[in-house]
Amino acid sequence: MQPLLAPIDTTPSFKHKAYTALKNAIVAMDVYRSREEIRLDERKLAQDFGISRTPVREAMAQLESEGFVRSVPRRGIYVVRKTKAEVIEMITAWAALESMAARLITKVATDEEIAGLRKMFAAFVDGKLRAHLDEYSDANIEFHQTIIRLSRNQVLIDLAENLFTHMRMIRRTTIGEKDRADRSIKDHMAIIEALEARATERAEDLVRDHALGLAEHVAQYADYLD
C-alpha cells in the first residue's frame, strides 16, 4: 500500500508543501485496516512531487517528531501504526481537550455557530445513516474539529491539532464497527442540544463520555491494533 500523491507546485516553501502533502496522504490512507507495514521511499516521493530529496527529508523529520512516521536504520521510513494502548491514551487526552472546548463553547460561541453543528447531520436522519457511512464519517470528523475550533482558545486548538490528526485516522476506521455510527449520531444530537441550551456542565460531561466511549470500544474490539 502506498499513498496517492501528485506533483507539488514549485513555489518557495518546498519543505512545508512536502510536509503538508505527505501528512494529508498519510491521513487519507487506511493505516489501521491492515497489519502490513507501510514503507515510504524518499527518492520516489521526491520524484512524485517533482522536487529534490532535501525538502522531502526535512518533511519526514518533522513528521517523525510528530509521531506519524518512524525511521528504521538500514531499512527506511515507515508510517507509524499506534498500538491499542497508545490509541486509548490519545483518546483519553482528546476527551480532556474536547470536553473543555465544549465547556468554553457554552460561554463564547454564537447561536449561529452552534446551529451549524446541527446542520452537519441533517442529511443522516430518518435511517439514511448506513447508506451514507463514508459521508457520515467525514461529517463526524468535521464535527469534532469544529468543537475544538469554536472554543476560541488558541492554546487548546494548537494542543489538539496533531492529536486530532491521529484521532481522525482511528475514527475513520472504527465508525463502521458494531453500532458505532448509530451511537455516534445519538451522542452528537445530545451534545448539540446541551450546547444550544448553554448547559455547561452537561455539554462538558457528554463530550467527555462520548470520547471515552470510543476508548472503551477500542479496548474491547480493536484487536487489529495489537
Single residue of the stretch 159-190 satisfying the filter (free of Cβ contacts under 8 Å to residues at least 12 places away in the same chain and part of a helix (DSSP H, G or I)) that is farthest from A93 (Cα to Cα): K186
Any chance R57 is charged (D, E, K, R), part of a helix (DSSP H, G or I) and open to solvent by 20 Å² or more (accessible area, probe 1.4 Å): yes
The lone exception for Y224 - which of (1) closer than 20 Å to A102 by Cβ; (2) open to solvent by 10 Å² or more (accessible area, probe 1.4 Å); (3) in contact (Cβ under 8 Å) with a residue 60 or more places away in the chain; (4) in a helix (DSSP H, G or I) it fails: (1)
Enumeration of residues in the stretch 66-87 that are part of a helix (DSSP H, G or I) and buried (at least 19 other Cβ atoms within 10 Å of the Cβ): V87
Answer residue from the stretch 211-221, given it is in contact (Cβ under 8 Å) with a residue 40 or more places away in the chain and within 22 Å of A96 (Cα to Cα) and is farthest from the chain's Cα centre (by Cα) among those: A219
Residues of the stretch 191-209 that turn out to be in a helix (DSSP H, G or I) and open to solvent by 10 Å² or more (accessible area, probe 1.4 Å), as a count: 10
Among the candidates L133, L104, L117, L156, residue that is touching a residue at least 60 places away in the same chain (Cβ under 8 Å), of a type outside the set (V, I, T) and within 30 Å of T20 (Cα to Cα): L117
From the options R75, R81, R53, residue that is farther than 30 Å from I147 by Cβ, among the charged types (D, E, K, R) and in contact with a helix residue (DSSP H, G or I) (Cβ under 7 Å, 6 or more places away or on another chain): R53
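The values are calculated or read from the model by the stated rules, or taken from the named source; none is laboratory data. Every value quoted in this text rests on a predicted model; they were computed, and no experiment measured them. We place every Cβ from the backbone using ideal geometry, glycine too, and count neighbours over all the protein chains shown. When the accessible area is computed, the model is the full protein with side chains, heavy atoms only, and any ligands, DNA or RNA have been set aside. Shrake-Rupley method; radii C 1.70, N 1.55, O 1.52, S 1.80 Å.
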